Amino acid sequence: MELHIRGVSKTYANGVQALRDVTLTIPAGMYGLLGPNGAGKSTLMRTLATLQEPDTGTIHLGDVDVVAQKDAVRQTLGYLPQEFGVYPKVSAEELLGHFAILEGITARAARRSVVEALLRRVNLWDVRKQKLGGFSGGMRQRFGVAVALLGNPTLMIVDEPTAGLDPAERVRFLNLLSELGESSVVILSTHIVEDVSELCTRMAIIERGEILLEAEPLRAIDGLKGRIWRRVIERSALAGVEREHAVISTKLLAGRTVVHVYGDTLPAAGFEPVEPDLEDVYFSTMAGHHGRRHAQP
């Protein structure tokens, strides 16, 4: 099962072009869509989830036309949006049972079995009687995954899932997602580089509705070897370094500033080579230094 997106564009009524000729082939497994807020990620996710139509282009999930056969897509779709509401005074077990009825699981014994299996899978069985209003952010996200899994989806869309989660909840949630990617197409839309780095076998970087890079993360990192240089400077020296070199990112470290610079050769005395990571791929791509609009095999 593969998802084929070809030439998809979308412009809203206010004139904002959210997607520009997006073409991607997304295989089974975990696929990362990485970009800043406002890059077009959520527009693409809503389009794939049949919540809106593109102006131009085609989308196929296997043999199913996503635009023309919305009902067929929805029968095999799991969608966890960035924001979703829950009934705070209802227990997790009760609400998931209600959603199971909406999915057509009307026999009581079958429904009870499905609800238990899903709550155990997302590690919420022990708090099944607890009201959803008392759940932490991570627990709510895991409940959202349980709802999304009710139809045993072959396409799972997860939009900004770890925003606002504490480190322990984030790890639990990412482990859960990695298990899902073993049997279906799972698209993880995020602005957090570490999420993609830890989970995804393929990824795309999107900015202003345009795909800048489509690659395997490890290959993209390998393509930057020997081109990323590091220097620790005083904050006051940053403007001068930015004028003279292709600075792709800066970080504070113990009151000083660490700059990463892109270059084929040593930029200047005081710089040292550094092993690149996916964050360097992301920032160098956004700055136009690394494989824009180039899909790596």
Just one listed residue, out of GLY240, GLY255, is modelled with pLDDT of 90 or more and over 24 Å from GLU160 (Cβ atoms), and it is GLY240
Here the residues within the stretch 210-242 that are in contact with a Gly (Cβ under 9 Å, 6 or more places away or on another chain) and in a helix (DSSP H, G or I) are PRO217, ALA220, ARG235
Does ARG112 fit the bill of being surrounded by fewer than 19 Cβ atoms within 10 Å (Cβ to Cβ) and either touching a residue at least 40 places away in the same chain (Cβ under 8 Å) or more than 20 Å from GLY138 (Cβ to Cβ) (or both)? yes
| said: I'd like to check something: does the stretch 39-55 contain any residue that is in a loop (DSSP other than H, G, I, E, B), hydroxyl-bearing (Ser, Thr, Tyr) and on the phi > 0 side of the Ramachandran plot? | reply: yes
Looking across the stretch 150-164 at residues that are modelled with pLDDT under 80 and over 12 Å from the mean Cα position of the chain (by Cα), the single one that is farthest from LEU118 (Cα to Cα) is GLY164
inquiry  = Residue under question is TYR87, and the condition is that it be buried (at least 16 other Cβ atoms within 10 Å of the Cβ), out of contact with any Ser or Thr (no Cβ under 7 Å at 6 or more places or on another chain) and not charged (D, E, K, R); does it hold?
reply    = no
Going through the stretch 43-76 in order, the residues found to be under 16 Å from the mean Cα position of the chain (by Cα) and either surrounded by fewer than 19 Cβ atoms within 10 Å (Cβ to Cβ) or among the hydrophobic types (A, V, I, L, M, F, W, C) (or both) are LEU44, MET45, ARG46, LEU48, ALA49
Of the listed residues (SER178, SER184), the one being of a type in the set (Gly, Ala, Ser), more than 14 Å from LEU95 (Cα to Cα), at pLDDT 80 or above and under 14 Å from the mean Cα position of the chain (by Cα) is SER178
Item checked: Verdict on ALA269 being part of a loop (DSSP other than H, G, I, E, B) and farther than 30 Å from SER136 by Cβ -> yes
Among (1) assigned to a loop (DSSP other than H, G, I, E, B); (2) touching a helix residue (DSSP H, G or I) at 6+ places or on another chain (Cβ under 6 Å), VAL67 falls short only on (2)
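For every residue, the table says whether it meets (1) in contact (Cβ under 8 Å) with a residue 40 or more places away in the chain; (2) closer than 28 Å to GLN17 by Cβ; (3) surrounded by fewer than 19 Cβ atoms within 10 Å (Cβ to Cβ).
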{"position": "ARG202", "(1), (2), (3)": "yes, yes, no"}
{"position": "ALA220", "(1), (2), (3)": "yes, yes, no"}
{"position": "ILE228", "(1), (2), (3)": "yes, no, no"}
{"position": "VAL232", "(1), (2), (3)": "no, no, yes"}
{"position": "ALA237", "(1), (2), (3)": "no, no, yes"}
{"position": "ILE248", "(1), (2), (3)": "yes, yes, no"}
{"position": "HIS260", "(1), (2), (3)": "no, no, no"}
Note on SER178: of the conditions (1) out of contact with any Gly (no Cβ under 7 Å at 6 or more places or on another chain); (2) surrounded by fewer than 18 Cβ atoms within 10 Å (Cβ to Cβ); (3) assigned by TED's automatic domain parsing to the domain that holds VAL274; (4) touching a residue at least 40 places away in the same chain (Cβ under 8 Å), unmet is (3)
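The values are calculated or read from the model by the stated rules, or taken from the named source; none is laboratory data. Keep in mind that what you see is a predicted model, and the values were worked out from it rather than measured. Quick reminder, even Gly has a Cβ in these numbers, built from the backbone with ideal geometry, and neighbours come from all protein chains shown.
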